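A short write-up of the structure that comes next.
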Amino acid sequence: MPSAPPRRPGRQLSRRTVLAAGAALAGTAGLASCGTSSGSDVIRLTFWTWAPGIEDVVALWNAQNPDVQVDVSRQDAGDAAVTKLLTAVRAGNGAPDLVQAEYQAITSLVSANAVADISADLAPSTAGHFAEGIWSSVQLQGDSVYAIPQDTGPLQFYYRADIFEQHGLGVPTTWDEYAETARALHSADPSLYLGTFSSTDPGLFMGLAQQAGASWWQIAGDRWKVDVDSEPARRVAEFWGGLVEEGVIARDPMYTPQWNAALNNGTQAGWVSAAWAPGVLAGNAGSTAGSWRMATLPQWEAGETATGNWGGSTTAVTVGSPHRAQAVRFAEWMNTSADGVRALVEKSGVFPADQAGAAEALSAPPEFFADQPDFYELSTSNAEGVRPLTFGPNVNVAYSIFNDAFGTATQRSTAAAFVDALATIQAGTVADLENQGYDLA
Amino acid sequence: MSSTNASTLRRRTDRFGYVFVAPAAVCFLAFLAIPILYALYVSVRREQVVGLGLGEGGRHQEWAGLRNYAQVLADPEFLGSAGRVLLYGLVLVPVMLGLALLFALLLDSKRARLRRIARITIFLPYAVPAVISSLLWGFLYLPGTSPFHFVADALGGSLPDVLSPQLVLLAIANIGIWGGTGFNMVVLYTSLRSVPGELYEAATLDGCSELQIALRVKVPMILPSLIMTCVFSIIATLQVFAEPMLLRPLTSSISTTWSPLMLIYKDAFTENDIYSASAGSVLVALATFVISFGFLRLVRGQAFAQEER
């Protein structure tokens with residue numbers, strides 16, 4: 001069944017009906033051989049994912065596509081799912097047909113020969129649904145495409161409107177203004193910080209470096225090039241290191257009980273985060289609902305609209321799947337069709353990568369930002385500014401060195417130490433690739 | 001006739017012996033021997049990349065000899081983690097066993113009251129899984145959530161941040177001591193209860209005070225138990241993992257390679273390099289053997305001479 005499955009708008013079969021029909025036909029082989037129905041040919045796809053509410057999205061597809069049924073298998077988020085997938089691939093069985101994969105994991109998964117090049121099965125229009133910067137994250141080695149983007153996390157600036165008003169502060173539009181605001185806030189009340197530098201969140205730093213124009217990995221011909229210690233990344237490191245050195249922003253990790261307490265009691269009055277932040281704020285600082293506002297990320301040059309990504313996922317098809325074409329159909333439907341994308345926003349609460357398809361679904365703001373009606377409109381325009389980025393084959397290694405190198409730098413609390421940390425990551429990332437046998441450019 | 005019967009019976013019991021041993025033998029082979037052999041095999045292999053290393057045929061496995069071992073041993077992170085764990089052990093083992101011995105002697109003394117409740121209270125932390133206790137202590141350590149810091153602030157004082165790089169080792173050791181003292185106390189206390197009462201009577205008749213009985217009679221009598229708990233504690237020290245792993249996200253003072261097992265975990269699951277991870281595991285296992293047997297050899301003279309006497 002290579003072509004798109006027929007839709008039957010008038011009569012949607014439930015998954016249970018189809019299952020029953022399939023079972024009945026299998027039970028009576030004589031009937032099935034009459035060829036009156038293809039019910040016994042139902043293709044079953046397994047989908048590993050951790051997105052909330054995704055079962056409802058998949059149920060919609062299953063109702064519309066009786067001959068390609070998708071079974072959701074719920075997984076732990078992020079790295080745990082990657083580890084499990086790589087183990088299943090190595091073991092030679094147990095791998096699903098489809099997997100949710102974060103952008104930074106794609107190259108590692110391709111490198112381990114876990115996810116397939118789906119460029120031959122893609123509809124010609126699929127690429128056009130996504131911003132160039134996002135599409136470049138799933139396209140490697142020229143025209144090979146290894147996943148379809150699902151949601152993204154364009155960086156934006158979140159702040160406590162009430163605290164800003166109380167101290168007469170304006171919303172910073174450049175990083176210089178951000179630094180000024182951080183100083184003003186902290187000197188007005190030494191317990192207040194505009195943000196924190198978290199050495200345990202390499203993904204955020206990567207997004208900030210991406211905004212400044214860095215790409216830690218590049219492909220030069222048929223060789224990898226590592227460019228962690230680049231001018232744009234040094235600029236970002238020096239900026240945050242400088243603020244930490246001055247003591248005007250905090251230097252504690254995010255996602256700790258202490259950080260939650262600081263979000264709740266207002267001592268963290270701002271957060272550079274992604275489009276998915278409303279969910280985190282609602283969960284970790286529910287008492288502050290209505291006090292937060294979102295603005296475009298501060299810029300390096302006034303008037304620019306650049307940003308980077310923090311997190312976000314894709315849907316990939318595994319190498320071992322016997323139904324690659326059907327799996328691609330499903331991934332395209334979920335991430336680029338009007339029905340699929342609307343369901344993703346409404347049922348799963350993600351900020352979809354397909355912004356054109358999302359316009360209608362994103363007309364109302366998330367509940368936590370009920371007082372900011374243009375929340376998604378602004379997020380969509382922010383997402384257009386995501387700069388291109390290639391993730392290399394050892395993002396996991398670079399991120400783990402980041403934790404340690406910036407952990408040390410944070411303890412030393414000098415701008416120079418922050419810049420040095422980049423050199424450490426560069427050296428470690430290169431050494432790991434060379435050790436694996438890569439011939440680097 | 002009867003002799004043939006007896007030998008058949010013996011043969012049959014022999015055969016039954018194998019049946020009884022079989023489940024344990026199968027489990028031992030499947031879950032211990034074979035994985036260990038496989039780890040040894042994997043530790044002398046490595047994976048090399050071709051070109052960009054993307055897609056099928058992007059990498060192939062090859063013989064590595066002792067290269068993985070050389071790499072692990074030359075890795076400053078590995079040596080650093082070994083040094084930290086050594087220091088951690090030097091803090092943890094004496095303090096934990098010292099407290100366990102003190103509590104055991106106090107409970108065993110004639111003047112002890114509420115013995116049963118005290119015993120359970122001291123033992124209770126051992127029943128709390130390391131994951132839970134690390135999270136609990138994490139809350140207590142973080143200045144932003146700690147009631148200790150709250151009280152100190154309210155009184156106008158201030159407490160040091162125990163998660164700072166200078167103190168974090170003590171913070172981790174404290175969790176281990178809190179959780180481990182009770183178990184060791186019970187082992188030592190049980191061993192104290194089995195010391196014959198005549199010895200105390202004799203010592204009392206000779207004019208020993210309660211303290212002298214404790215130091216001169218009780219401690220030497222339970223020396224074998226003390227040595228056993230010491231060996232177990234050393235092994236547990238080398239395997240410290242859960243506490244630093246769970247405190248790590250809370251602070252920038254704990255690196256991803258704080259202890260040898262964390263380094264092995266990072267190699268295997270973050271970097272997907274099971275080859276180096278296997279080499280590291282074999283080295284940690286070897287070190288455990290050498291240190292625990294070395295320790296036993298060192299103290300054997302005293303411990304078992306006592307028993308033989």
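The values are calculated or read from the model by the stated rules, or taken from the named source; none is laboratory data. Please read all numbers here as calculations on a predicted model, not as lab measurements. Backbone-built Cβ (ideal geometry, glycine too); neighbour counts: all protein chains shown. Note: areas computed on protein heavy atoms with side chains; ligands, DNA, RNA excluded. Shrake-Rupley method; radii C 1.70, N 1.55, O 1.52, S 1.80 Å.
Order the following by accessible area, largest value first: B:164, B:194. Probe radius 1.4 Å; ligands, DNA and RNA are ignored.
Ranking B:164, B:194 by accessible area, largest first, yields B:194, B:164.
Read phi for every residue in segment A:371-380 and hand back ³J(HN,Hα) as whole Hz from Karplus 6.51 cos²θ - 1.76 cosθ + 1.60, θ = phi - 60°, with x for Gly and Pro.
Result, rounded to whole Hz: 8, 10, x, 8, 3, 6, 4, 5, 4, 4.
Kirkwood hydrodynamic radius (Cα pairs, Å) of the protein assembly as shown?
Evaluated on the protein assembly as shown, it is 29.9 Å.
Lys/Arg Cβ at +1, Asp/Glu Cβ at -1, dipole of the protein assembly as shown taken about the Cα centre: which of A:277, B:283, A:436 is farthest positive-ward?
So the residue we want is B:283.
Over the heavy atoms of residue A:225, what accessible area does a 1.4 Å probe trace out, to the nearest 10 Å²?
70
Roughly how many Å² is the accessible area per residue of the protein assembly as shown, as a whole number, for a 1.4 Å probe?
46
Please list, in order along segment A:114-121, the HN-Hα scalar couplings obtained from phi with the Karplus expression 6.51 cos²θ - 1.76 cosθ + 1.60 (θ = phi - 60°), rounded to whole Hz, x for Gly and Pro.
So the Karplus estimates, Gly and Pro as x, are 9, 10, 8, 6, 9, 4, 5, 9 Hz.
In nm, give the distance between the simple-model label positions of residue A:267 and residue B:209, each being 7 Å from the Cα along the Cα-to-Cβ direction.
Each label point lies 7 Å from its Cα, and together they span 4.9 nm.
Which listed residue (B:178, B:109, B:215) has the Cα farthest towards the positive end of the charge dipole for segment B:76-308, taking +1 on Lys and Arg C-beta and -1 on Asp and Glu C-beta about the Cα centre?
The residue sitting most towards the positive pole is B:109.
Cross-link partners among aspartates and glutamates for residue A:225, C-alpha distance below 14 Å, same-chain residues fewer than 8 apart left out?
A:432, A:434, A:439
When Cβ neighbours within 10 Å are restricted to other protein chains, what is their mean count per residue of peptide A:400-413?
Mean partner shielding for this stretch: 4.
If I stretch the segment between residue A:50 and residue A:412 completely, what's the gain in nm (0.36 nm per residue apart, minus their alpha carbon distance), one decimal?
126.6 nm
So for segment B:76-308, Kirkwood radius off the Cα pairs, Stokes-Einstein at 37 °C and 0.692 mPa s: how many µm² s⁻¹?
For the chosen part, D equals 165 µm²/s.
Which value in deg cm²/dmol, rounded to the nearest 500, describes the helix-derived mean residue ellipticity at 222 nm for chain B, given -39,500 (n - 2.57) per DSSP H run of n ≥ 4 and division by the residue count?
That comes out to -22000 deg cm²/dmol.
Can you sort B:201, A:177 by 1.4 Å-probe accessible area, starting with the largest?
Of B:201, A:177, the descending order of accessible area is B:201, A:177.
On a 1.4 Å probe surface of the protein chains, which of B:297, B:45 comes out largest in accessible area, and what is the full order?
B:297, B:45
Please give me the summed charge of the neighbours of residue B:248: other residues whose Cβ is under 12 Å from its Cβ, Lys and Arg +1, Asp and Glu -1.
-1
For a quick check: with amide H placed at 1.01 Å from N, whose amide H comes under 5 Å from residue A:318's, ignoring anything fewer than 5 positions away on the same chain?
Excluding prolines and chain starts, which carry no amide H, the hits are A:98, A:99, A:116.
Which value, in Å² and to the nearest 10, is the accessible area of residue B:14 when all protein chains are kept and the probe is 1.4 Å?
90
Rounded to the nearest 500, what is chain A's calculated 222 nm mean residue ellipticity when only DSSP H runs of at least 4 contribute -39500 (n - 2.57) each, over all residues?
One gets -12500 deg cm²/dmol as the mean residue ellipticity at 222 nm.
Based on the alpha carbon coordinates of segment B:1-139, what radius of gyration and maximum Cα-Cα distance (Dmax) apply, in Å?
27.5, 79
Per the Kirkwood treatment, what hydrodynamic radius in Å, one decimal, follows for chain A from the mean inverse distance over all distinct Cα pairs?
23.2
Tell me the net charge near residue B:102. Cut-off is 13 Å between Cβ atoms, residue B:102 excluded, with +1 for each Lys or Arg and -1 for each Asp or Glu.
Summing Lys/Arg as +1 and Asp/Glu as -1 gives 0.
List every residue whose amide H lies under 5 Å from the amide H of residue A:71, counting only residues 5 or more places away in sequence or on a different chain, with H placed 1.01 Å from N in the peptide plane.
Those lying under 5 Å, H to H, from residue A:71 are A:45, A:46, A:47.
Specify the inter-centroid distance of segment B:135-188 and segment A:251-300, based on alpha-carbon positions, in whole Å.
27
Kirkwood Rh, segment A:143-188, all Cα pairs: how many Å?
Final number for the Kirkwood radius of segment A:143-188 is 13.3 Å.
Less than 24 Å apart at the alpha-carbon level, and either on another chain or at least 8 residues along: which lysines does that give for residue B:110?
Candidates past the 8-residue exclusion: B:218.
Quick one: grab Rg to one decimal and Dmax as a whole number for segment A:67-132, Cα atoms only, in Å.
Cα radius of gyration and Dmax of segment A:67-132 are 13.5, 37 Å respectively.
Compute, for chain B, the length of the dipole vector about the Cα centre, with Cβ point charges of +1 (Lys, Arg) and -1 (Asp, Glu) only. Units Debye, rounded to 20.
Taking the Cα centre of chain B as origin, the dipole is about 1060 debye.
Give me the percent of the accessible area of segment B:76-308 that comes from carbon and sulfur atoms, probe 1.4 Å, all protein chains in place.
Accessible surface attributable to carbon and sulfur in segment B:76-308 totals 70 percent.
Extending each Cα 7 Å along its Cβ direction at residue B:241 and residue B:8, get the distance between those two points in nm, one decimal.
The modelled label-to-label distance comes out at 5.3 nm.
Given R₀ = 60 Å, FRET efficiency for residue B:34-residue A:289 by Cβ-Cβ distance, to 0.05?
According to the calculation, E is roughly 0.60.
If each of residue A:440 and residue B:164 carries a label point 7 Å out from its Cα toward its Cβ, how far apart are those two points in nm?
Roughly 3.6 nm, to one decimal.
At 1.4 Å probe size, with no ligands or nucleic acids counted, give the accessible surface of residue A:129 in Å², nearest ten.
For residue A:129, the solvent-accessible surface is approximately 60 Å².
Each residue of segment B:237-254 in order: what ³J(HN,Hα) in whole Hz does its phi give by Karplus 6.51 cos²θ - 1.76 cosθ + 1.60, θ = phi - 60°, with x for Gly and Pro?
Per residue, the Karplus-derived 3J(HN,Hα) values read 4, 5, 9, 4, 8, 4, 5, x, 4, 7, 7, 3, x, 8, 8, 8, 8, 10 Hz.
Quote the convex hull volume per residue of segment A:137-281, based on C-alpha atoms, as a whole number of Å³.
Taking the convex hull of the Cα positions in segment A:137-281, it is 126 Å³ per residue.
Pull up all non-local amide H partners of residue B:45: gap of 5 or more, or a different chain, and H-to-H distance under 5 Å with H placed in the peptide plane.
Close amide H contacts, sequence-distant or interchain: B:64.
Could you compute how much accessible area chains A and B hide from each other, both sides summed, with a 1.4 Å probe? Nearest 100 Å² is fine.
Its buried surface, counting both partners, is about 2900 Å².
Among the aspartates and glutamates, which have Cα under 13 Å from the Cα of residue A:347 when same-chain residues fewer than 8 positions away are ignored?
Hits, sequence-local ones excluded: A:55, A:56, A:339.
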